[in-house]
1. Any idea which of Arg135, Arg139 is charged (D, E, K, R), closer than 21 Å to Val196 by Cβ and under 16 Å from the mean Cα position of the chain (by Cα)?
2. Go through the stretch 135-147 and give me each residue that's in a helix (DSSP H, G or I) and either among the acidic types (Asp, Glu) or modelled with pLDDT of 95 or more (or both).
3. Please verify whether the stretch 174-190 includes one or more residues that are at pLDDT below 90 and part of a loop (DSSP other than H, G, I, E, B).
4. Return only the number of the condition from (1) within 25 Å of Pro158 (Cα to Cα); (2) free of Cβ contacts under 8 Å to residues at least 60 places away in the same chain; (3) assigned to a helix (DSSP H, G or I) that Leu96 does not satisfy.
5. Give the stretch 99-126 a look and list any residue that's among the hydroxyl-bearing types (Ser, Thr, Tyr) and either surrounded by fewer than 19 Cβ atoms within 10 Å (Cβ to Cβ) or assigned to a strand (DSSP E or B) (or both), or say none.
6. Could you grab me the full set of residues in the stretch 67-89 that are more than 23 Å from Lys140 (Cβ to Cβ) and either hydrophobic (A, V, I, L, M, F, W, C) or surrounded by fewer than 23 Cβ atoms within 10 Å (Cβ to Cβ) (or both)?
Amino acid sequence: MIGCMSRYLWRKLTTVQRTELLEWRKTRKAPWHSPPHITSEGSHRYHITAACFDHHPVIGKQPARIEGFSQSLLTELQGECPRIFSWCVLPNHYHLLLAVDDLPSLIRLLGRLHGRSSRSWNTEDATPGRKVFFRAADRKIRSDAHFWATMNYIHNNPVHHGYVKEWDAWPWGSAQDFLATNKPAEVRRVWSAFPVLDYGRGWDDAEF
């Protein structure tokens, strides 16, 4: 269960802090890619999800922590993934939609990042030996319809979990890039054509 403090993480930020975070999003070197027709280009597309153990909001204990983890995650991914289509980091889990050349290598990379982050946060929180991350799950994208439904799911995740009311209000994800890149009519069309109401039923873990 997400704690009350983490649920209001974004709302607790000052105007200056929000502005700084949004400026970081604009300058980060992981642009959102939006080709009209997605092709594998030698890679495979995957939806990657990783969660904190027992869904404790360890990632989001402070805004600086979730920001730092987001930056580290994107930096690591740039060296491993041809494309980062969408992403979202929340206080107790994260989602990625990626083009992947070598999935086992990517999972090992995420495992190392989880290990470094866990050691650092356990030192900060005086919780030696605490288990921070539970697992990372991967799901191969089966079709363009699956791709766009996953895109919608990831961008809507902060709204789904009650952190914000609008996609562009959450700073730790690619939704703002998506909205800036596409016209409102196209965003509405994609949302309507590829709904997330039953997303994950039977082939993804609904708890995320």
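The values are calculated or read from the model by the stated rules, or taken from the named source; none is laboratory data. Computed from a predicted model, the values in this text were never measured in an experiment. FYI the Cβ positions are ideal-geometry reconstructions off the backbone, even for glycines, and counts take in every protein chain you see.
1. Numbers: Arg135 fails: closer than 21 Å to Val196 by Cβ.
Within the list Arg135, Arg139, the selection yields Arg139.
2. Within the stretch 135-147, the subset in a helix (DSSP H, G or I) is 144-147.
Asp144 - this is the single residue of the stretch 135-147 that is in a helix (DSSP H, G or I) and either among the acidic types (Asp, Glu) or modelled with pLDDT of 95 or more (or both).
3. No, because not a single residue in the stretch 174-190 is at pLDDT below 90 and part of a loop (DSSP other than H, G, I, E, B).
4. Among (1) within 25 Å of Pro158 (Cα to Cα); (2) free of Cβ contacts under 8 Å to residues at least 60 places away in the same chain; (3) assigned to a helix (DSSP H, G or I), Leu96 violates only (3).
5. As a first pass, look at the stretch 99-126 and keep what is among the hydroxyl-bearing types (Ser, Thr, Tyr): 105, 117-118, 120, 123.
Ser105, Ser120, Thr123 - these are the residues of the stretch 99-126 that are among the hydroxyl-bearing types (Ser, Thr, Tyr) and either surrounded by fewer than 19 Cβ atoms within 10 Å (Cβ to Cβ) or assigned to a strand (DSSP E or B) (or both).
6. Glu67, Gly68, Phe69, Gln71, Ser72, Thr75
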